[in-house]
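Peer 1: A single structure is presented below for examination.
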Amino acid sequence: MQTAMRRTPLFATHQNLGARMVPFAGWTMPVQYTKVINEHRAVRSTAGLFDLSHMGEFEICGAQALAFLNFALTNDAGKLEPGTAQYTLIPYTDGTIVDDAILYRLDDRYLLVVNASNVEKDLDWLQHQALGFPTAEIRDVSAETTLIAIQGPLSEAVLQPMTDADLKALGYYHAVETRVCGVPALLARTGYTGEDGFEIFATPGDATHVWHTVLTAGEPLGLTPVGLAARDTLRLEAKMALYGHEISDQTNPIEAGLGWAVSLDKGDFVGREALEREKRLGPARKLIGFEMIERGVPRAEQPIFKDGAHVGFVTSGTYSPTLDKPIGLGYVPARFSRQETEIDILIRDRPVRARVVRTPFYKRERGANT
């Protein structure tokens with residue numbers, strides 16, 4: 001029996017804006033409103049508005065909340081002060097990846113934001129790990145939460161008149177419980193585009209009000225709705241991992257270049273022994289970034305060849321609107337991961353030349369707080 005696709009509180013709003021709706025992670029989501037390239041460039045030059053209400057959110061509280069999080073996640077949650085956030089991973093015992101997430105520390109609790117496709121799996125795994133921490137409580141608040149993001153260099157200018165928070169004082173990977181568009185919200189300076197921007201956590205009942213208020217105020221400055229397609233090209237330019245592509249239960253954080261989110265000095269945690277060994281010995285393969293030398297656009301799962309031998313695979317690939325060239329990410333043996341190494345991507349049964357390049361492909365200039 002086929003499960004009905006879920007809809008965010010903004011489903012009708014997207015339809016009224018002319019969005020093309022597609023199935024994604026069990027939800028019906030807007031993939032684009034106009035042209036993907038235009039939406040992508042709007043985020044890089046002005047600002048874009050995203051509906052991320054399909055994402056999962058877990059609240060963690062109780063006397064053993066910190067101890068549990070430091071056991072169940074790779075990063076050191078003990079470093080978080082109230083109102084700060086960190087990128088982290090949920091590991092399996094063999095060091096591979098259940099999911100990646102953002103952990104926020106609030107005044108009296110933590111908020112863990114996970115990928116939409118992994119909510120049930122993540123919750124089951126975390127609840128299992130929490131059995132050893134009886135006073136740590138995990139609550140799935142996904143259905144009680146809507147998430148709207150505004151991303152791009154003009155995000156602060158658009159949003160400041162609509163919030164009580166001083167956005168200039170809100171640093172990157174910081175969050176504050178405040179009011180946005182007149183309603184209670186958690187406002188975080190985080191995102192998945194490689195640009196400055198904010199994520200607004202509110203109640204589903206306030207979603208339409210927040211969306212319309214922000215969009216109406218921002219349109220004169222160039223704010224535009226943005227769908228999943230441009231979100232993917234934006235995150236790829238910034239080399240932000242996508243679960244099921246760069247990371248999965250077949251990959252570990254070290255080979256994925258995410259060792260900076262693994263705190264081996266915090267004590268015991270799930271997968272620590274495997275990850276310590278991987279870091280000590282060095283990964284046999286590495287995630288690389290590459291750009292095409294010959295004409296062709298790489299796509300996920302295409303084989304990578306070196307000197308006629310099949311050595312790896314593409315995890316993500318696209319035409320980069322910012323760089324005006326095709327780019328991709330993929331896994332190859334560590335010995336082929338050096339910059340300027342030439343490889344071949346098998347596109348439509350034809351080897352097409354590419355070269356390994358430095359990543360991220362795109363990196364914005366940051367101010368004092370961004």
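Peer 1: Could you please give the count of residues in the stretch 262-280 that are surrounded by 19 or more Cβ atoms within 10 Å (Cβ to Cβ), part of a helix (DSSP H, G or I) and touching a Ser or Thr at 6+ places or on another chain (Cβ under 8 Å)?
Peer 2: Qualifying residue count, the stretch 262-280: 1.
Peer 1: Considering only residues that are out of contact with any Pro (no Cβ under 7 Å at 6 or more places or on another chain), farther than 20 Å from Ile247 by Cα and of a type in the set (A, V, I, L, M), look in the stretch 321-349 and name the one that is surrounded by the fewest Cβ atoms within 10 Å (Cβ to Cβ).
Peer 2: Leu323
Peer 1: Let me ask something else about it. Of the residues that sit in the stretch 202-241 and are farther than 19 Å from His40 by Cβ and free of Cβ contacts under 8 Å to residues at least 12 places away in the same chain, which one is surrounded by the fewest Cβ atoms within 10 Å (Cβ to Cβ)?
Peer 2: Of everything passing the filter in the stretch 202-241, Pro220 is surrounded by the fewest Cβ atoms within 10 Å (Cβ to Cβ).
Peer 1: In addition: If the requirement is being assigned by TED's automatic domain parsing to the domain that holds Thr193 and modelled with pLDDT of 95 or more, which of these qualifies: Ala256, Ala274, Ala261, Ala229?
Peer 2: Ala229
Peer 1: Okay, moving on. Among the residues of the stretch 219-274, which ones are touching a helix residue (DSSP H, G or I) at 6+ places or on another chain (Cβ under 8 Å) and aliphatic (A, V, I, L, M)?
Peer 2: Selection gives Leu221, Leu223, Val226, Ala229, Ala230, Leu234, Leu242, Ile254, Val262, Leu264, Val270.
Peer 1: Within the group Gly259, Gly267, Gly244, which residue is touching a Pro at 6+ places or on another chain (Cβ under 9 Å), farther than 22 Å from Arg366 by Cα and in contact (Cβ under 8 Å) with a residue 12 or more places away in the chain?
Peer 2: Only one candidate passes the filter, namely Gly259.
Peer 1: For the stretch 313-328, what are the residues that are within 15 Å of Leu236 (Cα to Cα) and out of contact with any Leu (no Cβ under 6 Å at 6 or more places or on another chain)?
Peer 2: Val314, Gly317, Tyr319, Ser320, Pro321, Thr322, Leu323, Asp324, Lys325, Pro326, Ile327, Gly328
Peer 1: Follow-up question, since we're still on this one. I'd like to check something: does the stretch 42-63 contain any residue that is in the same structural domain as Pro220 (by TED's automatic domain parsing), surrounded by fewer than 17 Cβ atoms within 10 Å (Cβ to Cβ) and at pLDDT 95 or above?
Peer 2: Yes: one or more hits.
Peer 1: For the stretch 12-30, enumerate the residues that are more than 18 Å from Ala230 (Cα to Cα) and surrounded by 16 or more Cβ atoms within 10 Å (Cβ to Cβ).
Peer 2: Thr13
Peer 1: Confirm whether Glu199 is crowded, with 22+ Cβ neighbours inside 10 Å and within 25 Å of Gly18 (Cα to Cα).
Peer 2: Judged against the criteria, Glu199 is a match.
Peer 1: I've got another one for you. Residue by residue through the stretch 172-194, note down the ones that are surrounded by fewer than 22 Cβ atoms within 10 Å (Cβ to Cβ), more than 18 Å from Pro9 (Cβ to Cβ) and touching a strand residue (DSSP E or B) at 6+ places or on another chain (Cβ under 7 Å).
Peer 2: Tyr173, His174, Val176, Glu177, Thr178, Arg179, Thr190
Peer 1: Yes or no: Thr208 more than 20 Å from the chain's Cα centre (by Cα), part of a strand (DSSP E or B) and within 21 Å of Glu144 (Cβ to Cβ)?
Peer 2: no
Peer 1: Which ranges mark the helices (runs of 4 or more DSSP H) fully within the stretch 1-107 that have 3 or more residues being touching a residue at least 60 places away in the same chain (Cβ under 8 Å) and touching a strand residue (DSSP E or B) at 6+ places or on another chain (Cβ under 8 Å)?
Peer 2: 36-45, 65-72
Peer 1: Among the residues of the stretch 137-195, write down those that are charged (D, E, K, R) and closer than 29 Å to Lys363 by Cβ.
Peer 2: Glu156, Asp166, Lys168, Arg189, Glu195
Peer 1: Go through Thr163, Thr224 for me and flag whichever is among the β-branched types (Val, Ile, Thr), within 20 Å of His14 (Cα to Cα) and in contact with a Ser or Thr (Cβ under 9 Å, 6 or more places away or on another chain).
Peer 2: Going through Thr163, Thr224 in turn, just one is among the β-branched types (Val, Ile, Thr), within 20 Å of His14 (Cα to Cα) and in contact with a Ser or Thr (Cβ under 9 Å, 6 or more places away or on another chain): Thr224.
The values are calculated or read from the model by the stated rules, or taken from the named source; none is laboratory data. Please read all numbers here as calculations on a predicted model, not as lab measurements. Glycine gets a Cβ as well: all are built from the backbone with ideal geometry, and neighbour counts include every protein chain shown.
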